[in-house]
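Here is the structure we will look at, set down as structure tokens.
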Amino acid sequence: MLKQASTVGARNGRPRTISAGQQALKWISPAGIVLIFVFGYSLISLFTQSFRYDGKWVAFENFTLVLTDPLFQTALKHNFYLLFTVPVMVFLAFLLAVTLFETRRGMSFYRAAVFLPYVLPIPVVAVVFGQIYQLRGALNIFLTAIGLDGFAQDWLGEPKIALGTMASVILWKEVGFGVILLLAHIISLPSEVFEASRIDGAGFFRVHWSITRPQIMNTIVFFSVIEAITMVSWVFNYVYVMSNGLGGPGDSTLVSELYIYRSAFSNKAPELAAAAAVCLFLCTLLLVVAFFRIQRRSISGTFGR
């Protein structure tokens, strides 16, 4: 690896040099120290509180109470169910990205239209879809108007489908992020590869499944892990707004974040909320570690060929 160096002084008559990496570290270290202080202090406080109750050290009792709580188990189960939307999201993002790539005319407009849902505030999206999915909302009115009233449901009031309804809202909003990521990577690929494959007679699906997909696999993995983390620890706003903060009907849309919120503020049990937050943090950390391991293997495989 090439390193840029600059002379910064001399010791014993010899010039001393600093690599580009060391120079970058010098400039970003102040911001890094601030981040470490802010997040490090918060994490230490969180872990400390999770092992205490009423100011006394209770070891793992808080974790035992949380992990054996049926509500927390239900919340984790719902987060796990939401993870199943990630493969669907990745597939849709890939399909839309390659479709936009092949769309020569008006691609900028379509790209902006696909990405627009992602930049909308989550509370706004949740409120709008909360109105659409009501029993007498726009969706059921539309289904009745076209003669499909048999498919009309109380989308947010029926426990069996409420979580799936919220998952569809999350999917609609998040898929645009994946489209932009994948499309940017596809556009950066050498055009000669696509031209050669088309000359050889490869069709649309063959070109993008056999040629495009392997070359953008790093980006696909990155998007998958980001959305997996979202489903585990970033769906609070959707659930809170669309269920009026209750996770209902019943506990059908309760997720781990809402459980932590209710434990801390509704049930006045901050120590249990801290224990649940630590569990959620560790789950998220596992996803991050998995991503870096997969990425490292992918990079090693690429350069090892």
Quiz item: Which ones in segment 237-283 are outside any helix (DSSP H, G or I) and on the phi < 0 side of the Ramachandran plot?
Solution: SER243, LEU246, GLY248, PRO249, ASP251, SER252, THR253, LEU254, VAL255, ASN267, ALA269
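Residue by residue, here is whether (1) buried (at least 18 other Cβ atoms within 10 Å of the Cβ); (2) of a type in the set (A, V, I, L, M, F, W, C) holds:
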| position | (1), (2) |
| --- | --- |
| TRP209 | no, yes |
| THR212 | yes, no |
| SER243 | yes, no |
| ASN267 | no, no |
| ALA276 | yes, yes |
| LEU285 | no, yes |
| PHE292 | no, yes |
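Every residue, every condition in (1) surrounded by fewer than 15 Cβ atoms within 10 Å (Cβ to Cβ); (2) closer than 19 Å to ASN244 by Cα, yes or no:
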{"residue": "LEU92", "(1), (2)": "no, no"}
{"residue": "THR103", "(1), (2)": "yes, no"}
{"residue": "VAL119", "(1), (2)": "yes, no"}
{"residue": "PHE129", "(1), (2)": "no, yes"}
Practice problem: Kindly indicate whether any position in segment 151-167 is among the polar types (S, T, N, Q), part of a helix (DSSP H, G or I) and surrounded by fewer than 17 Cβ atoms within 10 Å (Cβ to Cβ). | Solution: no
Quiz item: When residues of segment 41-94 are filtered for being of a type in the set (Gly, Ala, Ser), free of Cβ contacts under 8 Å to residues at least 40 places away in the same chain and part of a helix (DSSP H, G or I), how many remain?
Solution: 2
Quiz item: Does VAL124 satisfy the condition of being part of a helix (DSSP H, G or I), among the aliphatic types (A, V, I, L, M), more than 21 Å from the chain's Cα centre (by Cα) and within 17 Å of VAL241 (Cα to Cα)?
Solution: no
Exercise. Could you grab me the full set of residues in segment 174-194 that are surrounded by 10 or more Cβ atoms within 10 Å (Cβ to Cβ) and charged (D, E, K, R)?
Key: GLU174
Quiz item: Here are PHE177, PHE129, PHE194, PHE205: which of them is part of a helix (DSSP H, G or I), assigned by TED's automatic domain parsing to the domain that holds GLY247, of a type in the set (Phe, Trp, Tyr) and over 23 Å from MET107 (Cβ atoms)?
Solution: PHE129
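The values are calculated or read from the model by the stated rules, or taken from the named source; none is laboratory data. Being a predicted model, the structure only gives us computed values, none of them experimental. In this analysis, Cβ positions are derived from the backbone assuming ideal geometry, glycine residues included, and neighbour counts consider all displayed protein chains.
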